[in-house]
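Structure first, then comments.
The values are calculated or read from the model by the stated rules, or taken from the named source; none is laboratory data. Computed from a predicted structure; not experimentally measured. We place every Cβ from the backbone using ideal geometry, glycine too, and count neighbours over all the protein chains shown. Quick note on the areas: whole protein, heavy atoms, side chains included, nothing else; ligands and nucleic acids left out. Shrake-Rupley method; radii C 1.70, N 1.55, O 1.52, S 1.80 Å.
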Amino acid sequence: EDRIWDLHRTLISGKSLQVEDAQDYANETHEEKADRIFAKMGDFAANHHLRTRDMFNSIDVDKSGTISKVELADAIVKFTGIELPVEDEVMTLIWSRLDQDGNGVVDWQELLGELRRHRQAALRKKKEDEAAAGEEAAADADAAAADG
């Protein structure tokens, strides 16, 4: 398993960092980095009008019907633009989220389930952020009215 992640680091180590804000990425927790990777995969699919099945088929290079760790590592670069070594802990976390049955490969349903879970969490967070922004704007308006 460590050899797979080492191979991935070797393949991408010469490439430049493509994260919007490398400093933010460097300071994120493993969970936040894993979430960023899943979000970027989902964004790529949406921006390119890919169904999850199409994404799965693209990741499954050997057409085995499952995704291996090497195929996943390659897909992270392909679909996210994150071209930097991803720490072993982050890769292990991503893999554990995907390989729900622990059989060592990811099938279509496992990928679909995790991307769906992540999309739903992102939508919840967006609604919470919008509600908080609305409350802040209302408080600012109340403060301005009290001052005026």
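If you check Lys126, Lys40, Lys63 for being at pLDDT below 85 and open to solvent by 50 Å² or more (accessible area, probe 1.4 Å), only one passes: Lys126.
If you check Leu50, Leu93, Leu111 for being within 21 Å of Ala26 (Cα to Cα), among the hydrophobic types (A, V, I, L, M, F, W, C) and either modelled with pLDDT of 90 or more or assigned to a loop (DSSP other than H, G, I, E, B) (or both), only one passes: Leu93.
Among the residues of region 70-80, are any out of contact with any helix residue (DSSP H, G or I) (no Cβ under 7 Å at 6 or more places or on another chain) and among the small types (Gly, Ala, Ser)? Among the residues of region 70-80, not one is out of contact with any helix residue (DSSP H, G or I) (no Cβ under 7 Å at 6 or more places or on another chain) and among the small types (Gly, Ala, Ser), which makes the answer no. Of the set (1) part of a helix (DSSP H, G or I); (2) surrounded by fewer than 15 Cβ atoms within 10 Å (Cβ to Cβ); (3) of a type in the set (Gly, Ala, Ser), all apply to Gly104 but (1).
Assess whether Val86 counts as being open to solvent by less than 50 Å² (accessible area, probe 1.4 Å), in contact (Cβ under 8 Å) with a residue 12 or more places away in the chain, within 24 Å of Tyr25 (Cα to Cα) and part of a loop (DSSP other than H, G, I, E, B). In short, yes.
For region 27-34, indicate whether the set of residues that are closer than 22 Å to Ala121 by Cβ, surrounded by 14 or more Cβ atoms within 10 Å (Cβ to Cβ) and over 10 Å from the mean Cα position of the chain (by Cα) is non-empty. The answer is yes; a qualifying residue exists.
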